[in-house]
Amino acid sequence: MHRLLDKGLEQLTTVVFKMGEVAQKALSISVGGYVRGNDTSETVRELSEILVMMTAEVEEKSFSLIAKYQPVASDLRIINSYMKIAYDFERYGRYAWDITFSRKCLGGTGKCEGWMQDFIRDMGEKVLLMVKTSVDSLKRLDTELAKTLTKTEQEVDDMYLQYLGKLAKEERLMDSCTISSLLVVRYLERIADHATYVAEAVVYVASGEKVTLR
C-alpha cells in the first residue's frame, strides 16, 4: 500500500540527489580553476549559495515529514541521514568557494614551483574522485562502493601530511604561493573527510549499519 509519506520521501530524495550533482559541479569547477589559474568565483559562489538554499529545503521537508506522518524507525533513519548528507554537500560547496577565494586573493599555482603544482593537481584529482564516489554510492545506495572511500581518504590524509612535511623541510618563506597552497591542501583534506561522512550515511541508509570509514 502506497503511503503519503512515501511521496514525501521521494521528493526529499530527489532534492538530496540534486544537491550531490550541484556540489560535485562546484568542486570540479573550483579545483580546476585553482590549478589552471582561472577565475571561477562568480560561478562557484552561485553554486555554493544554491547548496545553502537546498540544505534549508531539505531541513524543511524533513521536519514537515516528521510532524505530519510520525515516521517509523526505518523512515526516520532515511530522513535523518539525508539531513546529514545535505549538510555535507553544503560543506562541499563552502570549501569550493574557499578554494576559489584563495585563488582570487592569493593567486593559484601559476607562480609556484613545479612540484607544488603537480602535488595539488594530483591531490585535487584524488579528492574529486572521492566526491564523485560519494555521490554515486548515494544514488545507487551501494554500500560496497561507499566503503572503498576508506582507503582513498587515508591516502589523502597522507598526502596532506607529506605536503606539510616537505614545506617544513624546505623551510619555505610564507609567500602568497605557500599560503594559498597550504589553505587549499587543507580544504581538500576536509572535503575528503566529508566524502567519508556521506559514505557512512549511505551505509546506514542502505543497511542500518553504523560504520566509521575514517
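The values are calculated or read from the model by the stated rules, or taken from the named source; none is laboratory data. Values in this document were obtained by computation on a predicted structure and should not be read as measured data. Glycine gets a Cβ as well: all are built from the backbone with ideal geometry, and neighbour counts include every protein chain shown. Heavy atoms of the whole protein, side chains included, go into the accessibility calculation; ligands, DNA and RNA do not. Shrake-Rupley method; radii C 1.70, N 1.55, O 1.52, S 1.80 Å.
Looking at region 128-151, which of the residues that are touching a Leu at 6+ places or on another chain (Cβ under 7 Å) and either acidic (Asp, Glu) or under 24 Å from Lys18 (Cβ atoms) (or both) is most open to solvent (accessible area, probe 1.4 Å)?
Here is the first cut: in region 128-151, the ones touching a Leu at 6+ places or on another chain (Cβ under 7 Å) are 128, 130-131, 133-134, 136-137, 147, 149-150.
Those left that are additionally either acidic (Asp, Glu) or under 24 Å from Lys18 (Cβ atoms) (or both): 128, 130-131, 133-134, 136-137, 149.
Numbers: Leu128: 50, Met130: 2, Val131: 1, Thr133: 21, Ser134: 0, Asp136: 32, Ser137: 0, Leu149: 3 Å².
The qualifying residue most open to solvent (accessible area, probe 1.4 Å) is Leu128.
Given the structure, is Cys112 open to solvent by 60 Å² or more (accessible area, probe 1.4 Å) and in contact with a helix residue (DSSP H, G or I) (Cβ under 9 Å, 6 or more places away or on another chain)?
When the stated conditions are applied, Cys112 does not pass them.
Only one residue in Glu57, Glu10, Glu21 is open to solvent by 20 Å² or more (accessible area, probe 1.4 Å) and farther than 22 Å from Arg140 by Cα, so which one is that? Walk me through it before giving the result.
Working: Glu10 fails: farther than 22 Å from Arg140 by Cα; Glu21 fails: farther than 22 Å from Arg140 by Cα.
One residue alone meets the criteria, Glu57.
What is the one condition in (1) without any contact (Cβ under 8 Å) to a residue 40 or more places away in the chain; (2) touching a helix residue (DSSP H, G or I) at 6+ places or on another chain (Cβ under 8 Å); (3) closer than 30 Å to Gly208 by Cβ that Arg140 does not satisfy?
Just one mismatch for Arg140, condition (2).
Does Lys111 meet the test of being in a helix (DSSP H, G or I) and of a type outside the set (Ser, Thr, Tyr)?
no
Any residue that is among the aromatic types (Phe, Trp, Tyr), surrounded by fewer than 13 Cβ atoms within 10 Å (Cβ to Cβ) and more than 25 Å from Ala73 (Cβ to Cβ) - is there at least one of those in region 152-170?
no
Residues to consider are Tyr87, Tyr69; find the one that is open to solvent by 60 Å² or more (accessible area, probe 1.4 Å) and modelled with pLDDT under 95.
Within the list Tyr87, Tyr69, the selection yields Tyr69.
Could you please tell me which pairs satisfy a Cβ distance under 7 Å, a separation of 6+ or placement on different chains, a first residue in region 18-35 that is of a type in the set (A, V, I, L, M), and a second residue that is open to solvent by less than 10 Å² (accessible area, probe 1.4 Å) and not in a helix (DSSP H, G or I)?
Val35/Thr109
Output the number of the condition that Ser176 fails; it satisfies all remaining conditions of (1) in contact with a Gly (Cβ under 8 Å, 6 or more places away or on another chain); (2) of a type in the set (Gly, Ala, Ser); (3) within 30 Å of Phe17 (Cα to Cα).
Of (1) in contact with a Gly (Cβ under 8 Å, 6 or more places away or on another chain); (2) of a type in the set (Gly, Ala, Ser); (3) within 30 Å of Phe17 (Cα to Cα), only one is false for Ser176: (3).
Considering only region 97-109, I want to know if a residue exists there that is under 20 Å from the mean Cα position of the chain (by Cα), of a type in the set (Ser, Thr, Tyr), closer than 26 Å to Glu42 by Cα and modelled with pLDDT of 95 or more.
At the first step, the residues of region 97-109 found to be under 20 Å from the mean Cα position of the chain (by Cα) are 97-103.
Now narrow it down to the ones that are of a type in the set (Ser, Thr, Tyr): 100, 102.
If we keep only those that are closer than 26 Å to Glu42 by Cα as well, we get 100, 102.
Add one more test, that the residue is modelled with pLDDT of 95 or more, and what stays is 100.
Yes.
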